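A short worksheet on the structure shown next.
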Amino acid sequence: MGGHGALVLALRNPGYYKSVSAFAPICHPSTSDWGQKQFSVYLGSNLDEWAAYDATELAKVYDGPSLPILLDQGDSDQFLSKQLQPSHFVIAASSSSSIQLNDRVLPGYDHSYWFIQTFIRDHIMFHAKHLRA
């Protein structure tokens, strides 16, 4: 599962998860070329159905228990603005008092193995902290 899938599972299932994190997820698939292609194939043309599987749209309406989220993006990721669109998720998450978003844009990193390898420990520690709480 990718980062978008992790976000969607946590946002669609309030209270099931203590925390969620993602590396460079597609944050708003309803507005990205990649997401639109996939949603059209799997969900058809009904945009209301798309919203139920779009992390940004789910964050806009999330009213469940506290959900800490760690979101990491590299500022040199070639997909950042057109496909991943993390700024959309940041804005949506800020509308929910239940979402505690730690959004990190990491200078010099792209969409590669090295990005994840460098910061995976941070994600493990993030989850460990919330699992112990």
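The values are calculated or read from the model by the stated rules, or taken from the named source; none is laboratory data. All values derive from a computational prediction rather than experimental measurement. Methodologically, a virtual Cβ is constructed for each residue, glycine included, from the backbone with ideal geometry; neighbour enumeration extends over all protein chains shown. In case anyone asks, the SASA skips ligands and DNA or RNA and just uses the protein heavy atoms, side chains included. Shrake-Rupley method; radii C 1.70, N 1.55, O 1.52, S 1.80 Å.
Contact annotation: residue pairs with Cβ atoms under 7 Å, 6 or more positions apart or on different chains, pairing a residue in region 21-37 that is on the phi > 0 side of the Ramachandran plot with a partner that is open to solvent by 10 Å² or more (accessible area, probe 1.4 Å) and part of a helix (DSSP H, G or I), are 24/3.
With respect to (1) open to solvent by 70 Å² or more (accessible area, probe 1.4 Å); (2) in a helix (DSSP H, G or I); (3) of a type outside the set (A, V, I, L, M, F, W, C), the lone exception for residue 100 is condition (2).
I'd like to check something: does region 73-82 contain any residue that is under 12 Å from the mean Cα position of the chain (by Cα) and outside any helix (DSSP H, G or I)?
Taking every residue of region 73-82 in turn, at least one turns out to be under 12 Å from the mean Cα position of the chain (by Cα) and outside any helix (DSSP H, G or I).
Between 14, 25, the distinction of being touching a Phe, Trp or Tyr at 6+ places or on another chain (Cβ under 9 Å) and under 14 Å from residue 80 (Cα atoms) belongs to 25 only.
Go through region 17-76 and give me each residue that's β-branched (Val, Ile, Thr) and open to solvent by 70 Å² or more (accessible area, probe 1.4 Å). Even if it seems obvious, please write down each step before you answer.
Of all residues in region 17-76, those β-branched (Val, Ile, Thr) come to 20, 26, 31, 41, 56, 61, 69.
Passing the criteria: 41, 61.
When region 107-121 is filtered for residues that are in contact with an Asp or Glu (Cβ under 6 Å, 6 or more places away or on another chain), surrounded by 13 or more Cβ atoms within 10 Å (Cβ to Cβ) and modelled with pLDDT of 95 or more, only 119 remains. Note on region 83-97: among residues that are open to solvent by 60 Å² or more (accessible area, probe 1.4 Å) and outside any loop (DSSP other than H, G, I, E, B), the one that is farthest from residue 58 (Cα to Cα) is 87.
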